[in-house]
1. Scan Ala255, Ala241 and give me the residue that is among the hydrophobic types (A, V, I, L, M, F, W, C), surrounded by fewer than 23 Cβ atoms within 10 Å (Cβ to Cβ) and away from ligand 1 (no atom under 11 Å from the Cβ).
2. Identify the residue in segment 296-324 that is assigned to a loop (DSSP other than H, G, I, E, B) and within 15 Å of ligand 3 (Cβ to nearest atom) and, among all such residues, is surrounded by the most Cβ atoms within 10 Å (Cβ to Cβ).
3. Any residue at all in segment 129-151 that is in contact with a helix residue (DSSP H, G or I) (Cβ under 8 Å, 6 or more places away or on another chain), of a type in the set (S, T, N, Q) and within 16 Å of ligand 1 (Cβ to nearest atom)?
4. Which members of segment 269-290 meet the condition of being within 16 Å of ligand 2 (Cβ to nearest atom) and either at pLDDT below 95 or more than 14 Å from Ala131 (Cα to Cα) (or both)?
5. From the set of residues in segment 158-168 that are in contact (Cβ under 8 Å) with a residue 60 or more places away in the chain and not small (Gly, Ala, Ser), which is farthest from ligand 2 (Cβ to nearest atom)?
6. Can you report the number of residues in segment 6-27 which are within 16 Å of ligand 2 (Cβ to nearest atom) and more than 21 Å from Gly178 (Cβ to Cβ)?
7. Which members of segment 168-210 meet the condition of being more than 22 Å from Lys273 (Cβ to Cβ) and either hydrophobic (A, V, I, L, M, F, W, C) or surrounded by 15 or more Cβ atoms within 10 Å (Cβ to Cβ) (or both)?
8. Looking at (1) in a helix (DSSP H, G or I); (2) under 13 Å from Tyr117 (Cβ atoms), which is the only condition Pro293 fails?
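The values are calculated or read from the model by the stated rules, or taken from the named source; none is laboratory data. Computed from a predicted structure; not experimentally measured. All Cβ positions, glycine included, derive from the backbone under ideal geometry; neighbour counts span all protein chains shown.
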Amino acid sequence: TYIMGIETSCDETAVAILRNGTEVLSNVVASQIESHKRFGGVVPEIASRHHVEQMTIVLEEAFDRADVTWDQLDAITVTEGPGLVGALLVGVNTAKALAFAKQIPLVGVHHIAGHIYANRLEKEFEFPLLALVVSGGHTELVLMREHGNFEVIGETLDDAAGEAYDKVARMLKLPYPGGPEIDKLACAGEESIPFPRAWLDEGSLNFSFSGLKSAVINTIHNAEQRGESLNPEDIAASFQASVVEVLTEKTYQAATKHDVKQVIIAGGVAANKGLRQALTSRFTKSDIPLLIPPIQLCTDNAAMIAAAGTIAFEQGKRSGWDMNANPSLVLK
Ligand code: ATP
Ligand code: MG
Ligand code: FE
């Protein structure tokens, strides 16, 4: 099969073409980071406008690089939600128009299913499988018993991990997006501040990052009031140590509890060096295989949407012409 993926849920305009579900023929991503940087975050109206401007360029580039023609395409898959509604609408309407014009099937995909399926571009899934999803808007432990079946067994009660990274980065006056900046600083710092670990109730697989965020704010604030200066590298390292320890431990607990055959990580924060190291050393000591995708597949892209979309297509899922962008689409 030749499947196209289209992704516009946030600030990346992306189109990819896959052969047989796992072979990436093209994966074009136009990032808008530079346009949003001076606002310190994604401005929804600007994001939508950029998607409109970039879409045809990215689409043509995806066809060129893949060396595939319209007639070869078996389906068009697109991120239906969640995300920014105005941004999603650009991808959804592009996909609908193309599928209608070319009379090929249209398949709506959940953005997080896409993040998870990015891993399948590297290695075949083995079930039951546990995915740690850590992105800008989500922090979840997802149990999969078979393809296309997602059970959320743990989730954040407040901020997402990526959101916490971006907020702490803003306190440290680092540019947007803050995650990679904190990651860099943390590598150069020492874990000298004992920030709290949010374990929640005994055995809970849920997460919480708002207490940690407040602890970081208070620490910075108190130091300022005393006229002391804290080393930003150490704040970053101490913050990251708390996030990484909780994510790693809960992932391990969930993996043993459900006796999974494979653990994967997904989403932008999966690019984090500290997290990748901690998970690797935790799981090397166990006999549960851990799969860590290459960094360019962790952040938003369309190959992951086409990967999840191929499975949905093969399972017979079809979306109608009434498909709409759904900012609060539920993963199931
Ligand atoms: P969602 O996928 O939940 O809809 P999103 O698409 O905006 O949200 P992603 O693109 O998956 O999120 O990830 C972006 C997030 O990942 C940002 O919060 C960013 O700061 C964070 N991030 C990226 N690289 C790193 C890193 N190396 N360390 C920590 N965080 C990172
Ligand atoms: Mg993004
Ligand atoms: Fe994402």
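1. Working: Ala255 fails: surrounded by fewer than 23 Cβ atoms within 10 Å (Cβ to Cβ).
Going through Ala255, Ala241 in turn, the sole match is Ala241.
2. My answer is Ala302.
3. Yes, there is a match, as at least one residue in segment 129-151 is in contact with a helix residue (DSSP H, G or I) (Cβ under 8 Å, 6 or more places away or on another chain), of a type in the set (S, T, N, Q) and within 16 Å of ligand 1 (Cβ to nearest atom).
4. Filtering segment 269-290 down to residues within 16 Å of ligand 2 (Cβ to nearest atom) leaves 269-272.
Selection gives Ala271, Asn272.
5. This residue is Val168.
6. Within segment 6-27, the subset within 16 Å of ligand 2 (Cβ to nearest atom) is 6-16, 27.
Checking which are more than 21 Å from Gly178 (Cβ to Cβ) leaves us with 6-8, 13-16, 27.
Selection size over segment 6-27: 8.
7. Keep residues of segment 168-210 that are more than 22 Å from Lys273 (Cβ to Cβ), which gives 196, 199-206, 208, 210.
Trp199, Leu200, Leu205, Asn206, Ser208, Ser210, listed by residue number.
8. Failing condition for Pro293: (1).
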